[in-house]
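A.B. asks: One structure, pasted below without further comment.
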Amino acid sequence: MAESNEPGNRRPRLNRPERRALVAVLVGLLLVAGSVVLLSRTVVDRAVTSVPTADLFGDGGETAVQDDPLTGPVNLLLVGIDRPENQAHRVPRADTVLVVHVPAGLDRAYLLSLPRDLLVDIPAFGISDYPGGVDRINAAMAYGSRVPGVELPDPVPGFQLLAATVAARTGVDRFDAGVIVNFAGLERLVDAIGGVRLRIDADVRSAHRQPDGRPRPANPDGPGYIGPQAEYQQGEQVLSGWQALDYVRQRESLPDGDYGRQRHQRQLVRALAEQVMTRELVTDPGRLTAVLDAAGPAMVVDTRGRSLLDLAVGLRRIRGDRIVPLDLPGVAVTGGDGAYLGEQFTAAADDCLAALRDGTLDQFVATRPELVDRAQ
């Protein structure tokens with residue numbers, strides 16, 4: 001792979017994984033929206049209109065037949081980007097790439113994380129004059145977002161190129177919905193539901209936050225930070241918004257590094273989905289409105305011509321205990337000089353993707369239980 005100055009060719013840095021964690025928002029909202037039909041029309045309208053939409057797949061808004069019920073299997077592509085809302089000049093990068101697979105019965109879901117440093121073939125993309133090449137998957141969003149003649153990088157064409165890249169690597173030829181999420185609403189969302197309950201699988205010390213939530217000062221004598229650290233102790237904990245963000249940022253203290261961090265993010269997806277779907281929330285219009293107000297501005301959705309509410313109603317039978325996080329194992333790739341180049345999937349990960357394409361993921365998971373992330 002040729003070296004360049006593009007973002008995908010750099011050694012991994014401490015990024016902002018709180019952006020990735022916000023991917024959980026859509027999972028929870030899609031599942032809870034099937035229940036808001038029981039509430040007032042005002043809340044239903046808020047659920048539909050508070051989330052911005054865009055043509056994320058570049059097909060002009062493929063039209064679904066609105067009167068037809070949703071049938072499975074259903075595949076969703078959820079992408080968390082590394083760009084604060086007040087920094088529109090920054091090129092967005094895909095810090096999270098998450099495929100949600102719902103089998104034909106529409107009563108369960110599998111979560112599959114693609115590592116941000118996964119080496120892939122990124123196809124040519126005429127909109128941004130990108131010629132194609134091999135790079136890390138998170139760079140596809142960046143390459144696609146820089147459109148000639150457009151002043152600011154645009155995440156929408158960035159998603160279009162990323163979606164084509166994910167489809168080529170996974171073999172999923174069509175996604176039924178796509179979502180771009182940023183970090184801005186996650187802290188507010190967690191606080192709006194009264195905190196998120198997580199089972200922390202190992203003691204974690206924060207590299208970034210002090211016990212009171214303030215950022216740790218930068219080390220004046222070198223890299224990293226100094227001062228007291230926030231701690232998250234093993235066992236069941238209820239985390240506030242800033243704590244949830246901070247917890248899923250940590251990787252250096254984990255024995256499996258970024259794969260452990262991905263595991264914690266999948267745990268947060270499931271925990272948020274479970275709590276958003278509680279009867280106490282979906283039957284409380286005031287609290288539900290607060291959740292929608294926190295989450296809506298932080299995402300952009302494309303449901304391929306089907307309304308967001310119809311999609312949510314079709315997925316209403318999925319419950320938190322039927323959301324199965326899967327670990328797609330990978331290994332590091334290094335160059336001849338030992339420099340880190342990225343990640344590649346193992347044979348087990350590719351076998352899992354083959355089962356997803358073939359519609360046999362249930363049977364595959366039954367024979368490969370070690371791929372199920374059971375640390376909930």
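The values are calculated or read from the model by the stated rules, or taken from the named source; none is laboratory data. Small disclaimer: the values here were computed from a predicted structure and weren't measured. Ideal geometry is used to build each Cβ from the backbone, glycine not excepted, and the neighbour counts take in all protein chains shown.
A.B. asks: For region 111-129, which positions are buried (at least 22 other Cβ atoms within 10 Å of the Cβ) and not hydrophobic (A, V, I, L, M, F, W, C)?
C.D. replies: If the condition is that a residue be buried (at least 22 other Cβ atoms within 10 Å of the Cβ) and not hydrophobic (A, V, I, L, M, F, W, C), then S113, P115, R116, D117 are the ones that fit.
A.B. asks: Checking the structure you have, find out if any residue of region 302-319 is within 18 Å of the chain's Cα centre (by Cα), buried (at least 20 other Cβ atoms within 10 Å of the Cβ) and modelled with pLDDT of 85 or more.
C.D. replies: Yes, because at least one residue in region 302-319 is within 18 Å of the chain's Cα centre (by Cα), buried (at least 20 other Cβ atoms within 10 Å of the Cβ) and modelled with pLDDT of 85 or more.
A.B. asks: Something else now. Quick check on L119: is it of a type in the set (A, V, I, L, M) and under 10 Å from the mean Cα position of the chain (by Cα)? Walk me through it before giving the result.
C.D. replies: Values: of a type in the set (A, V, I, L, M): yes; under 10 Å from the mean Cα position of the chain (by Cα): no.
Here the answer is no, as L119 does not meet what is asked.
A.B. asks: Of the residues that sit in region 56-72 and are at pLDDT below 90 and out of contact with any Gly (no Cβ under 9 Å at 6 or more places or on another chain), which one is surrounded by the fewest Cβ atoms within 10 Å (Cβ to Cβ)? Walk me through it before giving the result.
C.D. replies: Taking region 56-72 as the starting set, the residues that turn out to be at pLDDT below 90 are 59-72.
If we keep only those that are out of contact with any Gly (no Cβ under 9 Å at 6 or more places or on another chain) too, we end up with 59-60, 67-68.
Numbers: D59: 12, G60: 8, D67: 6, D68: 9.
Going through the qualifying residues, I end up with D67.
A.B. asks: Additional query: Go through region 73-107 residue by residue and tally those that are polar (S, T, N, Q) and either crowded, with 23+ Cβ neighbours inside 10 Å or not in a loop (DSSP other than H, G, I, E, B) (or both). Lay out the reasoning, then the answer.
C.D. replies: As a first pass, look at region 73-107 and keep what is polar (S, T, N, Q): 75, 86-87, 96.
So of that shortlist, the ones also either crowded, with 23+ Cβ neighbours inside 10 Å or not in a loop (DSSP other than H, G, I, E, B) (or both) come out as 75, 96.
Counting residues in region 73-107 that are polar (S, T, N, Q) and either crowded, with 23+ Cβ neighbours inside 10 Å or not in a loop (DSSP other than H, G, I, E, B) (or both) gives 2.
A.B. asks: Which strands (runs of 3 or more DSSP E) sit wholly inside region 169-261 and have at least 3 residues that are closer than 30 Å to A140 by Cα, among the aliphatic types (A, V, I, L, M) and at pLDDT below 90? Explain how you work it out, then say what you get.
C.D. replies: Numbers: elements: 177-181, 196-200, 235-239.
Where strands (runs of 3 or more DSSP E) fall fully within region 169-261 and carry at least 3 residues being closer than 30 Å to A140 by Cα, among the aliphatic types (A, V, I, L, M) and at pLDDT below 90, they are 177-181.
A.B. asks: Counting only residues that are of a type in the set (S, T, N, Q) and over 19 Å from the mean Cα position of the chain (by Cα), which one in region 347-376 is surrounded by the fewest Cβ atoms within 10 Å (Cβ to Cβ)?
C.D. replies: Filtering region 347-376 down to residues of a type in the set (S, T, N, Q) leaves 360, 363, 367, 376.
Those still in the list that are over 19 Å from the mean Cα position of the chain (by Cα) too: 360, 363, 367.
Numbers: T360: 13, Q363: 11, T367: 9.
Out of the qualifying residues, it is T367.
A.B. asks: In this structure, does Q344 turn out to be over 27 Å from D121 (Cβ atoms) and either within 20 Å of the chain's Cα centre (by Cα) or modelled with pLDDT under 95 (or both)? Spell out the reasoning first.
C.D. replies: Numbers: over 27 Å from D121 (Cβ atoms): no; either within 20 Å of the chain's Cα centre (by Cα) or modelled with pLDDT under 95 (or both): yes.
So Q344 does not fit the description; no.
A.B. asks: Has region 236-255 got at least one residue that is within 17 Å of L112 (Cα to Cα), without any contact (Cβ under 8 Å) to a residue 60 or more places away in the chain and surrounded by 22 or more Cβ atoms within 10 Å (Cβ to Cβ)? So that I can check it myself, show each step before the final result.
C.D. replies: We begin by selecting, within region 236-255, every residue within 17 Å of L112 (Cα to Cα); these are 248.
Among the residues that remain, those that are also without any contact (Cβ under 8 Å) to a residue 60 or more places away in the chain are: none.
The answer is no; no qualifying residue exists.
A.B. asks: Suppose the filter is out of contact with any helix residue (DSSP H, G or I) (no Cβ under 6 Å at 6 or more places or on another chain) and in contact (Cβ under 8 Å) with a residue 12 or more places away in the chain; does D95 pass it? Lay out the reasoning, then the answer.
C.D. replies: Numbers: out of contact with any helix residue (DSSP H, G or I) (no Cβ under 6 Å at 6 or more places or on another chain): no; in contact (Cβ under 8 Å) with a residue 12 or more places away in the chain: yes.
Considered against the rule, which asks whether it is out of contact with any helix residue (DSSP H, G or I) (no Cβ under 6 Å at 6 or more places or on another chain) and in contact (Cβ under 8 Å) with a residue 12 or more places away in the chain, D95 comes out as no.
A.B. asks: While we're here: Can you tell me which residue within region 130-146, out of those that are out of contact with any Pro (no Cβ under 6 Å at 6 or more places or on another chain) and assigned to a loop (DSSP other than H, G, I, E, B), is surrounded by the fewest Cβ atoms within 10 Å (Cβ to Cβ)?
C.D. replies: P131
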